[in-house]
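The values are calculated or read from the model by the stated rules, or taken from the named source; none is laboratory data. If you're wondering where the values come from, they're calculated on a predicted model, not measured in any experiment. Positions of Cβ are backbone-derived with ideal geometry, glycine not excepted, and every protein chain shown enters the neighbour counts. Note: areas computed on protein heavy atoms with side chains; ligands, DNA, RNA excluded. Shrake-Rupley method; radii C 1.70, N 1.55, O 1.52, S 1.80 Å.
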Amino acid sequence: MAWIVLIFAGLLETAWAGTLKLATARPSVWLIGLAALCIISSLVALYWSMARLPLGVAYPVWTGVGAVGSVCVSVILLHQRIGPMGILGLILLLVGMVLLAMDSPH
């Protein structure tokens, strides 16, 4: 269960980053409020996960899911171009998160 909550926390991190990006194009109290809600929810979910998983696993996976998710949102929804080196970077991030998860005692 801790892993599911941790992945959800990372997805919420992606959501707040994407929402903040949208707010830069169209400033809106609602978008900023939604981003703030996602930030708080992400931190609460991370907190819950960290009570059950080691810091050295939970935090890197949380930030990694947020980073990979943010790039995916940017490429798919905002039409950011990503080249071979960027794709390799994403693959390395994913491999790193999987290796950390496999080394976790939980």
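Here are some notes:
- Among the residues making up the range 29-55, those that are open to solvent by 30 Å² or more (accessible area, probe 1.4 Å) and either within 12 Å of the chain's Cα centre (by Cα) or of a type in the set (S, T, N, Q) (or both) are I39, S41, L43.
- Criterion: in contact (Cβ under 8 Å) with a residue 40 or more places away in the chain and surrounded by 16 or more Cβ atoms within 10 Å (Cβ to Cβ) - qualifying residue of A58, A67: A58
- Single residue of the range 76-93 satisfying the filter (open to solvent by less than 80 Å² (accessible area, probe 1.4 Å) and closer than 29 Å to Y47 by Cα) that is farthest from the chain's Cα centre (by Cα): G89
- Of all the residues in the range 54-94, those that are assigned to a loop (DSSP other than H, G, I, E, B), in contact with a Ser or Thr (Cβ under 7 Å, 6 or more places away or on another chain) and of a type in the set (G, A, S) number 0.
- Restricting the range 1-28 to residues that are of a type in the set (S, T, N, Q) and either over 12 Å from the mean Cα position of the chain (by Cα) or farther than 22 Å from H79 by Cα (or both) leaves a set whose member that is surrounded by the most Cβ atoms within 10 Å (Cβ to Cβ) is T19.
- Tabulated pairs, the range 74-93, first among the aromatic types (F, W, Y), second assigned to a helix (DSSP H, G or I), C-beta under 6 angstrom, 6+ apart or interchain: none
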